[in-house]
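Colleague: Questions regarding the structure given below will be posed in turn.
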Amino acid sequence: MNPEMNACCGPLSNVGLSRRQLLGQFGMGLGGLALGQLMNGGAAANPTPNDLGLPHFPAKAKRVIYLFQSGGPAQMDLYDYKPLLNEMNGEQLPDSVRQGQRLTGMSANQASLPLAGSIFEFAQHGESGAWVSDLLPHTAGIADEICFIKSMYTEAINHDPAITFLQTGSQISGRPSIGAWLTYGLGSDNDNLPAFVVLVTKGKGGQPLYSRLWGSGFLPSRHQGVQLRAGKDPVLYLTNPGGIDQASRKSFMNRLRELHEHKIQLTGDTTLEERIAQYELAYRMQTSVPEVTDFSDEPDELFEEYGPDSRTPGTYAANCLLARRLAEKGVKFIQLYHRGWDQHGNLPEGIRTQCQETDQPTAALIKDLKRRGMLEDTLVIWGGEFGRTNYSQGQLTKDNYGRDHHPRCFTAWMAGGGAKPGVTYGETDEFGYNVANDGVHVHDFHATLLHLLGIDHERLIYKFMGRDFRLTDVHGKVVEGVLA
């Protein structure tokens, strides 16, 4: 056989052809097309965000600040007042209430499941009369701004699948996060900052947080969240290395773009366009990130409002203040993570610490946004991945107890951005174990969040591996009762 001919009798002008290029020359390019579909999960068939007709209807919210309380806050010690638990403190969880529902391996083998009333005092606040624990005096002061959802529920009973479910709409990792879906659909309002920013309270122990929780999954990589860290370099590797000035960096970026564009022409690999976009955003962020993370222009009284921790970068309080600054700059989705709510034992001490760290800055954020006229189009969300049991995990004493994971019901809340203020939606039974009325599933929660941003959750889709995917999978309904 002539070495200059391939097996199909076609000329091989370049023996260094890649597999993609080689397949592209076979069968009038059908092989390359098939490979492209496999490599890109059918991305070529996907509509652009503009083709999706977004927004689908007028949006109430322009942006989201999601205050994620990782670990599962105990709802009956914070918001879901259950006086019957105090009356029956120490008595066994009735079988008629449990209804054979599964428990985690941490309490399934307990010989006793004693009901544990909260040791904290509750009172009603505001014109709405919302019940709030004395652990949260600052949040109680803004009760009339909040839409409490006391009937959230999920299928996930352990942390990793539960937090993955809340953040991506699936218990199995690999799906795009909420922020990635939003930025894919709605784009960015600031070309110099990421549309999706992640802030994690520094120095907090607890359940691990993974970057996949703010990943783009199978969506283009430009939609993944960018984490801003406390310290000299908020974004890793953003600053110029030694000996490189801005002019040199700009020249490098220009040459790199030319090389990438040449490669796109040769291979048709459009994923390189994502890489170009990310490199150029990183270049612009060299100026925009230091500006937005510099609090020197904030007045002393504002730091006092957010609390003493607000002057320390990386704390929950400082991140709440930074979230407001990012929202002002047009960042579409701002995700805060605060760990430490996983109180299987010694709950009273642990939850006091958590509330001391989060209560004042959370309320300050709401008041700050409202004062600036931003609350009406900024949706603020507070909540964790599931709730806690009404019985004690481990020994129950007069002033100490623990609570296990509980997916059957938990509390979350929304404020601003089209959420109805001063209402409590949904109800749990008198034992705080099951949803009694108006249950809100994770998919319903996501459908409602998208609705407030002007998105029909059934129409925000992306084809991957031959299937149409969406944040709400094949489920979800908008919860009309929480809409203003």
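Colleague: Cβ-Cβ distance below 7 Å, separation of 6 or more or different chains: which pairs start in the range 303-321 with a residue that is at positive phi and end on one that is surrounded by 17 or more Cβ atoms within 10 Å (Cβ to Cβ) and at pLDDT below 95?
Modeller: Qualifying pairs under 7 Å: Gly314/Ala230.
Colleague: To continue, here is another question. Return the total of residues in the range 250-309 being among the charged types (D, E, K, R), under 30 Å from Thr139 (Cβ atoms) and within 25 Å of the chain's Cα centre (by Cα). Spell out the reasoning first.
Modeller: Narrowing the range 250-309 to residues among the charged types (D, E, K, R): 250, 255, 257-258, 261, 263, 269, 273-275, 280, 284, 291, 294, 297-298, 300-301, 304-305, 309.
Subsequent filtering for residues that are under 30 Å from Thr139 (Cβ atoms) retains 294, 297-298, 300-301, 304-305, 309.
With the extra rule that they be within 25 Å of the chain's Cα centre (by Cα), the set shrinks to 294, 309.
Matching residues across the range 250-309 total 2.
Colleague: Taking only pairs six or more apart or across chains, which ones have beta-carbon atoms under 8 Å, a first residue in the range 135-156 that is without any contact (Cβ under 8 Å) to a residue 24 or more places away in the chain, and a second residue that is assigned to a strand (DSSP E or B)?
Modeller: Ala140/Ala123; Ala140/His125; Ala140/Ala130; Ala140/Val132
Colleague: List the strands (runs of 3 or more DSSP E) that sit entirely inside the range 400-484 and contain at least 2 residues that are among the hydroxyl-bearing types (Ser, Thr, Tyr) and modelled with pLDDT of 95 or more. Even if it seems obvious, please write down each step before you answer.
Modeller: On the way: elements: 410-415, 423-425, 435-437, 462-464, 467-469.
Once the strands (runs of 3 or more DSSP E) in the range 400-484 are filtered for at least 2 residues that are among the hydroxyl-bearing types (Ser, Thr, Tyr) and modelled with pLDDT of 95 or more, what remains is 423-425.
Colleague: Kindly indicate which of Asp160, Asp189 is of a type in the set (D, E, K, R) and in a helix (DSSP H, G or I). If you could, list the steps in order and put the result at the bottom.
Modeller: Working: Asp189 fails: in a helix (DSSP H, G or I).
It is Asp160.
Colleague: Any chance you could count how many residues in the range 412-439 are surrounded by fewer than 24 Cβ atoms within 10 Å (Cβ to Cβ) and farther than 19 Å from Ala140 by Cβ?
Modeller: Within the range 412-439, residues that are surrounded by fewer than 24 Cβ atoms within 10 Å (Cβ to Cβ) and farther than 19 Å from Ala140 by Cβ number 12.
Per-residue answers, yes or no, for (1) farther than 30 Å from Lys370 by Cα; (2) surrounded by 22 or more Cβ atoms within 10 Å (Cβ to Cβ); (3) not basic (Lys, Arg):
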{"residue": "Pro94", "(1), (2), (3)": "yes, no, yes"}
{"residue": "Pro114", "(1), (2), (3)": "yes, no, yes"}
{"residue": "Gly129", "(1), (2), (3)": "no, no, yes"}
{"residue": "Ala143", "(1), (2), (3)": "no, yes, yes"}
{"residue": "Ile157", "(1), (2), (3)": "yes, no, yes"}
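Colleague: Could you please give the count of residues in the range 229-264 that are of a type in the set (A, V, I, L, M, F, W, C) and in a loop (DSSP other than H, G, I, E, B)? So that I can check it myself, show each step before the final result.
Modeller: Here is the first cut: in the range 229-264, the residues of a type in the set (A, V, I, L, M, F, W, C) are 230, 235-236, 238, 244, 247, 252-253, 256, 259, 264.
From the residues that got through so far, the ones that are in a loop (DSSP other than H, G, I, E, B) too are 230, 235-236, 238, 244.
Total meeting the criteria: 5.
Colleague: For Asp144, state whether it is under 30 Å from Phe469 (Cβ atoms) and not in a loop (DSSP other than H, G, I, E, B). Break it down into steps so the answer makes sense when it comes.
Modeller: Values: under 30 Å from Phe469 (Cβ atoms): no; not in a loop (DSSP other than H, G, I, E, B): yes.
In short, no.
Colleague: Do any residues in the range 378-402 that are within 30 Å of Arg63 (Cα to Cα) have Cβ atoms under 6 Å from those of residues that are among the aromatic types (Phe, Trp, Tyr), where the two are at least six apart or on different chains, and which pairs are they?
Modeller: Ile381/Tyr66; Trp382/Trp413; Gly384/Trp341; Phe386/Phe410; Gly387/Phe410
Colleague: Residue check, Arg352 against (1) out of contact with any Leu (no Cβ under 8 Å at 6 or more places or on another chain); (2) in a helix (DSSP H, G or I); (3) among the basic types (Lys, Arg), all met but one. Which one?
Modeller: It is condition (1) that Arg352 fails.
The values are calculated or read from the model by the stated rules, or taken from the named source; none is laboratory data. These numbers come from a predicted model, not from an experiment. In this analysis, Cβ positions are derived from the backbone assuming ideal geometry, glycine residues included, and neighbour counts consider all displayed protein chains.
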